[in-house]
1. In the set B:VAL101, B:VAL63, which member is among the β-branched types (Val, Ile, Thr), in a helix (DSSP H, G or I) and touching a residue at least 60 places away in the same chain (Cβ under 8 Å)?
2. Taking only the stretch A:441-462 into account, find how many residues are within 15 Å of A:VAL288 (Cβ to Cβ) and of a type in the set (Ser, Thr, Tyr).
3. What are the pairs with Cβ atoms under 7 angstrom where one residue, in the stretch A:156-171, is not assigned by TED's automatic domain parsing to the domain that holds A:LEU50 and modelled with pLDDT of 85 or more and the other, located anywhere, is of a type in the set (Lys, Arg) and not in a strand (DSSP E or B)? Sequence gap at least six, or different chains.
4. Among the listed residues B:GLY275, B:GLY293, identify the single one that is closer than 21 Å to B:SER24 by Cβ, crowded, with 24+ Cβ neighbours inside 10 Å and in contact (Cβ under 8 Å) with a residue 12 or more places away in the chain.
5. Looking at (1) more than 10 Å from chain B (Cβ to nearest Cβ); (2) over 35 Å from the mean Cα position of the chain (by Cα), find the lone condition where A:LEU401 falls short.
6. Can you tell me which residues in the stretch A:30-49 are part of a loop (DSSP other than H, G, I, E, B) and either over 30 Å from A:TRP429 (Cα atoms) or of a type in the set (A, V, I, L, M, F, W, C) (or both)?
7. Please indicate, with yes or no, whether at least one residue in the stretch A:51-63 is at pLDDT 90 or above and in contact with a Phe, Trp or Tyr (Cβ under 7 Å, 6 or more places away or on another chain).
8. So which pairs qualify, if the first residue must be in the stretch A:321-346 and more than 18 Å from A:GLN407 (Cα to Cα), the second must be of a type in the set (Lys, Arg), the Cβ gap must be under 7 Å, and the two must be at least 6 apart or on different chains?
Amino acid sequence: MPYLEMKGITKLYPNHMRANDAIDFSLEKNEIHAIVGENGAGKSTLMKILYGLEQADAGSIALAGRTVHIRGPLDANRLGIGMVHQHFKLIPEFSVAENIVLGIEPRKNLLFVDRNAAVQRISEVIASHGFSVDPRARVMTLTVGQMQQVEIVKMLYRNVDLLILDEPTSVLTEQEIHRLFETLRSLRRDGATCIIITHKLQEVMEISDRVTVMRKGKVIAVRRTAEVTKAELSRLMVGRSVLFQIERPKNACGSAVLELVNVTLKQRGRDRALLDAVTLTVRSCEIVAVAGVSGNGLGELEDVVTGLRRITSGRILHNGEDIAGLTPATLRERGFAYVPADRLRRGSSLKSTVTENMIVTSRHRFLRAGFLKGKKIRQFAERLTESFSIDGGPRVPVGTLSGGNIQKVILARELASDSNLVIVSEPTWGLDVASSQFVYEKILEMRKAGAGVLFISSNLDEILGIADTIAVMYRGRIVANLPNLPGLSKERIGEYMLGLRDDFAPAGAQRKDAPA
Amino acid sequence: MKERRSLGELVTGFTGLALTLLLSFGLVVVLIFVLSRTPARTLYFFFVGAFTNSYYLGNMLNVAVPLVFTGLGISVAFKAAVFNLGGEGQIYAGGLAATAVCLALPAANGFLGGLSALAGAAVLSGAIAGVSGLLRMKWNTDEMISSFLLSVAVVLVVNYFITGPLDDPKNNLQSTLAIGAHYGLSGIFPPSKLNSSAFFALAAALLMFFFVYKSRAGYEMRMCGQNREFSRYGGINVSKYLVLPMILSGALHGLGGGLMVLGTYRATIEGFSFGMGWNGIAVALIAKNNPLGVIPAALLFAYLDAGAKAAMINSDITFEIAAIAQSFIFYFVTARALYSLTRIRSRA
């Protein structure tokens, strides 16, 4: 009998998307079980249901043969289930010990927190698992790897024997990953059971006993790790190609519009570079797609190219001139258009009207002595809402529109002006087929008009359909830069995305050692 | 179209407000029935007293004038999602600056002298509030806290000038020397204290309305207030709109203080701005931060104030009871308004 058995788990999200569709998932006592799948496959949703952060719409959970109802993390903790989130839930100003005992502090005289008792008990847990953190240190002084140890100790302190780790390696260096795996093995020796969510197949092979593959809210396969190859897992994850109807006429590329030369981005307190010597060129009349799994630097690439984040080193050139350090406003004057991945916080202001959203990048064109020309603006907004067939009209707050229409407002604004460089990130994420088709047509129009397009996306089907050149990022590095020729398969790109292939590995290693 | 929407918001805002007011008025009626031996007479003066003669009416309108300025000052900052809690000190400093300019130029032309006095008030208070904006921009210091603390210090500094260098030794009142009579604003509703500063208040509200809804800076400021990440993305200088609204807010408070000196007091009297910063916040919240809504909101506040005074003079209730009745209404209105304040803040 399995230790944990989740049966027929179904979770519907408000837009009728089945995040989990009748999922059966089971876990043996004392195993390390990996769950793999692309973004949006439903891995995190399933784990949130197990940890009580979400409630399933259908299905049942049985732990050690007994049916359980998990209404929240406290229920889960009581049942011995713990979770280490991808984004740590720690209070930086508190000490390690204070963070660990938060909510279940040992008391002195029923009233005061017994700090010494807390530190002593935590020291025991830390010593028995070979962790390297000082319980009295403040969390803000720790490295990312140590913070993760604190999260794990926090769960062990609560006597958890089923530990869920949500993408635990995405923020760690190779050495830290190695340490984490040592810890997981030691936990397994002590009788604990672990679930590890990851995108990285190398890690699956290294640490797990069994692996469950998920795709589009369903379990595709469950395998013993020893009996499966990385190539097979990769195929199971990406699935069969979907045919896209994108007419992409051939045209000759012009001169370089955007060039990135050894662009590196580091964050304080993190040893791993978010962007590691990224070199990439976008020419006019060319669509360069950058593919990758989230957490591998796509978001950071988007930020640095659009001037929203300063790079640590390297050069970014626009039409041959260095633009690193320029403000978003200056970049827009230079002819940048930018459709961000985060359309609800960055790409639009939900409380503002459609009109107010549309003029934010072109407001300079509607000025008379510091005042806005109301009539001109009205005509402009009416023309755009009509030509992009945006429901609701120009006067309603953007927040009242559907996701597809919000994206149309952003596209209308960004593609309305004459741009020589278009940066789009996950432009069809969450859109239906017709809306996606519309987005592709607009982007191809911009390409035809001579713009260079940087197309950041994790959707391989659309990348293969629309791009002239495909680059792949893995752990902040460009690992492939290939022309999109008919022979290029989704499986091959998938292997680059998952870290199985790397065209630039030796050169990348040399660059790291060379002086900057 | 934008202003049509904002007027629409105002109307829906007022239906909710009307309910709140009715409820609190009901409580005041109960309170007065319990505490007054002549409840009918007390109620009459509390609710109708302000309209019984031109003296009360004019004074009520005069009380509304600085409330319009403080309400505008808060509203403008709110539009950019920055918060100025230093209104009291800024009004006080504005009053002192206006007084000092008038005293320094005793022979000047009344019109030009008065204008320079107001300019001095706006500049000084704008600078004081601007400091909090700069701190927010440079080190992300909460401008709510810093403006409040700064205001506490400014009040003490102004007190020093009132009782020290600018003290009027002939006057028993703790106040500065009186400004020259030619600087005073002319009365428009004698014998009440209402004076031409009322026109300044109307003009300021109109100007601010056009600034907020029609100008480019107003648009950029509102976008920053509604979504700072979006504004940065759109190429708006978001740092600028942490400082500019604070300066503008401070300047409006300063003008309010300066006009009170020129129109009503003719000197800076100790403590004249006491509590006015908070009243400005309440006015702005009732007005839903719409510059045109500030006028009726300020009138409502002034009306309650005048009613309490009239009831006190003409019936058996004491100052304390009148104040309690008044604060009933304030509590209700601000509780409602604070609810929306927390929503604005969590958004920003």
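1. Working: B:VAL101 fails: touching a residue at least 60 places away in the same chain (Cβ under 8 Å).
Of B:VAL101, B:VAL63, the one residue that is among the β-branched types (Val, Ile, Thr), in a helix (DSSP H, G or I) and touching a residue at least 60 places away in the same chain (Cβ under 8 Å) is B:VAL63.
2. Qualifying residue count for the region: 1.
3. none
4. Details: B:GLY275 fails: crowded, with 24+ Cβ neighbours inside 10 Å.
Answer to the check: B:GLY293.
5. It fails just one condition, (2).
6. Within the stretch A:30-49, the subset part of a loop (DSSP other than H, G, I, E, B) is A:30-31, A:37-42.
Residues satisfying the conditions are A:ASN30, A:GLU31, A:ALA41.
7. No, because not a single residue in the stretch A:51-63 is at pLDDT 90 or above and in contact with a Phe, Trp or Tyr (Cβ under 7 Å, 6 or more places away or on another chain).
8. The qualifying pairs are A:ASP322/A:ARG315; A:ALA324/A:ARG315; A:GLY325/A:ARG310; A:PRO328/B:ARG232.
The values are calculated or read from the model by the stated rules, or taken from the named source; none is laboratory data. Everything numeric in this text was worked out from a predicted model, so none of it was measured. Reconstructed Cβ throughout: ideal geometry from the backbone, glycine too, with neighbour counts over all protein chains shown.
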